[in-house]
Amino acid sequence: MSEHGAGAASADDRLVLLARRLPKAELHMHLTGSLSPAEFIRFTTLDEGRDPSHADVARAYDNRGPEKFFTDLDRAARLWSDPARLAEAATRVIDSAFDHGARHLELLCTPSLSRQQAGIPILTSLKAVEAAFESARGRLGLTGGVVVELHRPDGAEGALEVVEAAIVLRDRGLGILGVGNDGNHRLAPLEPLAPAYRRAKEAGLRLTGHAMSPDDVLFALDIGFDRIDHGWAIANHPQIVSRIVDAGTTLTFTPMAYTLGGHRSSISWEQAHRILSEAGVPLVIGTDDPALHHTDLTHSYELMMRRLGWNSAQLSDAARLSFQKRWALDGDEAAVAAHLAEIDRLEVDPRGSDIAGG
């Protein structure tokens with residue numbers, strides 16, 4: 001007969017526990033890529049008056065390449081068919097991120113996609129998402145806010161419209177942190193978005209965005225992005241790596257997306273991470289589209305730990321770096337200091353006995 005107690009854990013068990021318990025800042029998570037299977041079933045049932053079959057659900061979350069992936073993002077925006085649904089969906093997505101370790105969240109939201117797929121005006125959709133975030137700040141003590149994404153296929157005019165909406169809401173005091181970009185990078189280049197990015201920068205918004213190729217990364221550096229989403233494929237371009245290091249630009253790194261997302265490169269993501277980190281590029285772990293990539297933030301940390309052979313200090317340093325590279329709002333300093341102190345305690349004992357006073 002066994003007794004419950006704090007028995008001796010293996011070194012591997014302690015690392016897994018640490019990866020899961022560490023407070024983390026999530027800097028790269030898309031709202032539309034976070035439609036869970038349960039939510040897909042619920043909204044499909046409401047809209048179609050039938051429960052989708054198991055085969056329907058399996059097909060909705062398989063990985064058949066980039067074209068289907070972007071179709072899946074459209075589907076999420078279409079299912080969130082009115083502002084109330086969108087706010088409810090954002091609440092569930094934010095709560096799920098919190099449940100998986102995020103204590104600071106910068107949620108990527110593409111309002112023009114909601115307009116195209118569900119007819120929701122840009123300002124209305126952004127207000128709905130930010131209202132959900134404001135509720136989470138009070139309920140959960142979560143810090144962070146919304147990163148408004150330009151939709152690449154919309155071109156220059158559409159991008160400027162979204163930036164102006166972001167500026168309006170930021171000036172009203174809503175938690176709009178910055179501007180990014182999304183959309184099929186294989187079909188729409190970044191260059192037409194340059195005027196919108198410059199307008200956002202002039203207005204004091206922070207800049208990030210998907211940069212999948214060396215040319216995209218060079219565009220981001222020329223514009224003056226504060227952060228680059230992805231960009232790891234430039235690891236075998238030493239001159240570009242040097243520019244990133246000199247600029248102090250952070251890269252978000254989403255390992256499960258690279259495993260399943262069809263990103264092609266002459267170098268593996270593990271090799272790229274080692275090269276970039278050794279060169280001094282700040283790399284922050286994120287999930288990208290957690291539902292579509294079958295991951296969450298704790299799993300992403302655990303995956304990095306296992307594939308790169310990290311120890312407890314490296315895991316803890318990754319969590320610390322995520323908070324250090326966050327985009328802060330006034331008043332979040334005390335909460336973040338508490339999270340950093342918790343990282344210190346958990347690194348010593350991932351069971352948290354010191355926190356509990358045991």
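The values are calculated or read from the model by the stated rules, or taken from the named source; none is laboratory data. From a predicted model like this one, the values you see are computed outputs, not experimental measurements. Don't worry about glycine lacking a Cβ; one is built from the backbone with ideal geometry, like all the others, and counts go over all protein chains shown.
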Problem set entry | Condition check for ALA337: loosely packed, with under 14 Cβ neighbours inside 10 Å, on the phi < 0 side of the Ramachandran plot and of a type in the set (A, V, I, L, M, F, W, C) | yes
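Working only within the range 119-137, note down all residues that are of a type outside the set (Ser, Thr, Tyr), over 18 Å from GLU157 (Cα atoms) and free of Cβ contacts under 8 Å to residues at least 60 places away in the same chain.
GLY119, ILE120, LEU126, LYS127, ALA128, GLU130, ALA131, ALA132, PHE133, GLU134, ALA136, ARG137
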For this session: Can you run down the residue pairs with Cβ atoms below 8 Å, 6 or more apart or on separate chains, where the first is in the range 1-28 and more than 26 Å from ALA291 (Cα to Cα) and the partner is modelled with pLDDT under 70?
Result: ALA6/SER353
Exercise. Any chance the range 250-270 includes a residue that's at pLDDT 95 or above, over 18 Å from the mean Cα position of the chain (by Cα) and not charged (D, E, K, R)?
Worked result: no
Problem set entry | Matching residues, the range 296-322, being within 22 Å of THR143 (Cα to Cα) and either surrounded by fewer than 23 Cβ atoms within 10 Å (Cβ to Cβ) or out of contact with any Pro (no Cβ under 8 Å at 6 or more places or on another chain) (or both) | THR298, HIS299, TYR301, LEU315, SER316, ASP317, ALA318, ARG320, LEU321, SER322
Problem set entry | Count of the range 164-190 residues which are over 20 Å from ALA77 (Cβ atoms), modelled with pLDDT of 95 or more and in contact with a Phe, Trp or Tyr (Cβ under 8 Å, 6 or more places away or on another chain) | 2
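I need a count of the residues in the range 274-294 that are in contact with a strand residue (DSSP E or B) (Cβ under 8 Å, 6 or more places away or on another chain) and surrounded by fewer than 23 Cβ atoms within 10 Å (Cβ to Cβ). Full working, then the answer.
Let us first name the residues in the range 274-294 that are in contact with a strand residue (DSSP E or B) (Cβ under 8 Å, 6 or more places away or on another chain), namely 276-277, 281-290.
The next check asks that each one be surrounded by fewer than 23 Cβ atoms within 10 Å (Cβ to Cβ); those that pass are 276-277, 282-283.
Of the residues in that region, 4 qualify.
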Problem set entry | Hits in the range 54-77 (condition: under 21 Å from the mean Cα position of the chain (by Cα) and either more than 19 Å from THR259 (Cα to Cα) or β-branched (Val, Ile, Thr) (or both)) | THR71, ASP74, ARG75, ALA76, ALA77
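What do you reckon, is ASP171 surrounded by fewer than 19 Cβ atoms within 10 Å (Cβ to Cβ) and over 21 Å from PHE323 (Cβ atoms)?
Working: surrounded by fewer than 19 Cβ atoms within 10 Å (Cβ to Cβ): yes; over 21 Å from PHE323 (Cβ atoms): yes.
For ASP171, the condition - surrounded by fewer than 19 Cβ atoms within 10 Å (Cβ to Cβ) and over 21 Å from PHE323 (Cβ atoms) - is met.
Taking ALA156, is it outside any loop (DSSP other than H, G, I, E, B), buried (at least 18 other Cβ atoms within 10 Å of the Cβ) and at pLDDT 95 or above? It would help to see each step written out before you state the result.
On the way: outside any loop (DSSP other than H, G, I, E, B): yes; buried (at least 18 other Cβ atoms within 10 Å of the Cβ): no; at pLDDT 95 or above: yes.
No.
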Problem set entry | All positions within the range 213-232 that are under 15 Å from LEU276 (Cα atoms) and either surrounded by fewer than 22 Cβ atoms within 10 Å (Cβ to Cβ) or not small (Gly, Ala, Ser) (or both) | PRO214, VAL217, ARG227, ILE228, ASP229, HIS230, TRP232
Problem set entry | Subset of the range 195-211 that is in a helix (DSSP H, G or I) and of a type in the set (A, V, I, L, M) - its residue that is surrounded by the most Cβ atoms within 10 Å (Cβ to Cβ) | ALA200
For this session: Pairs only if they're at least six apart or on different chains, beta carbon under 7 angstrom, first in the range 44-60 and modelled with pLDDT of 90 or more, second not in a helix (DSSP H, G or I); list them, first residue then second.
Result: THR44/PRO52; THR45/ASP51
For this session: Scan the range 106-126 for residues that are crowded, with 20+ Cβ neighbours inside 10 Å and out of contact with any strand residue (DSSP E or B) (no Cβ under 7 Å at 6 or more places or on another chain) and report the count.
Result: 5
